[in-house]
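Read through the structure below, which is laid out as structure tokens, and then see the notes.
The values are calculated or read from the model by the stated rules, or taken from the named source; none is laboratory data. Since the structure is predicted, the reported quantities are computational estimates derived from the model, not experimental observations. Cβ sites come from the backbone with ideal geometry, for glycine too, and all protein chains shown count toward neighbours.
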Amino acid sequence: MTASPTHVIVGAGLAGANAARALREEGFDGRIVLIGDEADLPYDRPPLSKQYLRGETSPDDIRVLDADGWSQLDVDLVLGAAVTSVDIDGRHVTFGNGTTVGWDRLLLATGAEPRALPVRGGDLPGVHLLRRLADADRLRAALQRADRIVVVGAGWLGSEVAASARQMGVQVSLVEMGSVPLARTLGERVGSIYRDLHASNGVALHMRASVTAILGDRRATGVQLHDGTVLPADLVVVGVGVRPRAQLASRVGLAVGNGNGIEVDAELQTSAPGIYAAGDVASAWHPVLNRRLRVEHWANAIHQGRVAAANMLGANRPYDRQPYFFSDQYDLGMELTGHPDPAMEVVFRGDPSDGAFMAFWLADGRVSAAMNANIWDVTDTLRELVESGRPIASERLADPSEPLDALVSS
């Protein structure tokens, strides 16, 4: 490494932005170049489907730092620019205009991009994908003019957009191939809670349904389902998942796992020494779960970015955190710790119909994931419970008189 090294971060989302901050906090005094293909300063994405979409927050409210903050950190921000190639041997990146920047350590935090709906009419005006600040601005303006919309996909994004649209007074039809919202993440029993939540708030649910076409001549006017049902709409929101933006890594020969992101080891280093990856694009070896895990959540981007920064400076720190996620829909707020599998046994503490409960996903009698819904200040304890890996009787988990701390310590 040179006497005055340069560390380059490609991707100015949460992972990249937090890596840049962490480099300074860890004492790095060389040059930091943070490159993003959006023109906006780095920002939090979760509000884009919730508070920001509803007009309750401004761009200033969701920024990681303002321009002065980045200047004080002495980070060279290069925004609205795309890196087109990486020279691993020559250690430099190249922009579309031919400009190059050399690096001593490189972090790829290129994130993910939303999947389009591969049906006739999928590219019509009035069909919205939501990933970036500009997407949210367009969708919010469209929602303010709309009377009725169709949301395709009842994962986290689709469910949150549906909830926000209803809170804005728009009629919503929610289309999902699964039996309940969020079934692929939470399973049938917990997903049914969200089904009932949306139904009670006036959403027209179309479960076990697929879209065969988006209708309209000059713009989207409705959605046709597999059984011939037509759902009229002023606009259509597609939330059918994302794909990791690993094209740059693939082009330069880094290990990319079958479309599931850039493969990194437990210390977030890629197959090329000195190059790291973090956030939505990273398929990381998890030393506790003993398998690769690619997590598309806010907390993962923050913490992986920070660990990657430390390891760029030689810390050799494994990334072994349990996944964490949160969601707010209507009056139900939740936090999820761990990695649930829909096939796992689920144990409830409290009655979900009361609006405040916990859910535990069990594998071989051990808690693999835990969710607290409208019950707060228990996340740290639930994380300890998941990390403990000890068998716990279902009866104790379900018993509200049994203190959570006792479950962790016993």
Sole exception among (1) under 18 Å from ARG306 (Cα atoms); (2) within 18 Å of the chain's Cα centre (by Cα) for ILE275, by number: (2)
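Take the conditions closer than 26 Å to TRP156 by Cα and either at pLDDT 95 or above or of a type outside the set (A, V, I, L, M) (or both) and apply them to VAL93. Does it pass? Spell out the reasoning first.
Numbers: closer than 26 Å to TRP156 by Cα: no; either at pLDDT 95 or above or of a type outside the set (A, V, I, L, M) (or both): yes.
Criteria not met by VAL93.
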From the list GLY27, GLY16, which one is small (Gly, Ala, Ser), on the phi > 0 side of the Ramachandran plot and touching a residue at least 12 places away in the same chain (Cβ under 8 Å)? GLY27
Can you name the number of the only condition in (1) within 24 Å of GLY241 (Cα to Cα); (2) out of contact with any Ser or Thr (no Cβ under 6 Å at 6 or more places or on another chain) that GLN51 fails? (2)
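Restricting attention to the range 92-107, does a residue exist that is touching an Asp or Glu at 6+ places or on another chain (Cβ under 6 Å), not in a helix (DSSP H, G or I) and not polar (S, T, N, Q)? If you could, list the steps in order and put the result at the bottom.
Filtering the range 92-107 down to residues touching an Asp or Glu at 6+ places or on another chain (Cβ under 6 Å) leaves none.
No, that holds for no residue.
Yes/no matrix, rows are residues, columns are (1) within 18 Å of VAL8 (Cβ to Cβ); (2) among the acidic types (Asp, Glu); (3) in a loop (DSSP other than H, G, I, E, B); (4) under 23 Å from the mean Cα position of the chain (by Cα):
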residue: PHE28; (1), (2), (3), (4): yes, no, yes, no
residue: ASP40; (1), (2), (3), (4): no, yes, yes, yes
residue: LEU65; (1), (2), (3), (4): no, no, yes, yes
residue: GLY69; (1), (2), (3), (4): no, no, no, no
residue: ASP76; (1), (2), (3), (4): yes, yes, no, no
residue: VAL86; (1), (2), (3), (4): yes, no, no, no
residue: GLY90; (1), (2), (3), (4): yes, no, yes, no
residue: ALA116; (1), (2), (3), (4): no, no, yes, yes
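Would you check which residues across the range 314-334 are buried (at least 19 other Cβ atoms within 10 Å of the Cβ) and more than 30 Å from GLU26 (Cβ to Cβ) and list them? If you could, list the steps in order and put the result at the bottom.
Here is the first cut: in the range 314-334, the ones buried (at least 19 other Cβ atoms within 10 Å of the Cβ) are 319, 322-325, 327, 329, 334.
SER327, GLN329, MET334 - these are the residues of the range 314-334 that are buried (at least 19 other Cβ atoms within 10 Å of the Cβ) and more than 30 Å from GLU26 (Cβ to Cβ).
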Quick one: in the range 259-313, of everything that is free of Cβ contacts under 8 Å to residues at least 60 places away in the same chain and in contact with a Ser or Thr (Cβ under 6 Å, 6 or more places away or on another chain), which residue is nearest to GLY27 (Cα to Cα)? VAL264
Please pick out the residue among ARG138, ARG132 that is more than 30 Å from ALA272 (Cα to Cα) and charged (D, E, K, R). ARG138
Residues of the range 119-161 being closer than 17 Å to LEU231 by Cα and under 19 Å from the mean Cα position of the chain (by Cα), in sequence order, are HIS128, VAL151, VAL152, GLY153, ALA154, GLY158
Going residue by residue through the range 284-307, is there one that turns out to be buried (at least 21 other Cβ atoms within 10 Å of the Cβ) and part of a strand (DSSP E or B)? yes
What pairs come up if the first residue lies in the range 84-103 and is among the acidic types (Asp, Glu), the second is assigned to a strand (DSSP E or B), and their beta carbons are under 7 Å apart, counting only those six or more places apart or on different chains? none
Matching residues in the range 353-408 - criterion: being touching a His at 6+ places or on another chain (Cβ under 8 Å) and among the hydrophobic types (A, V, I, L, M, F, W, C): ALA369
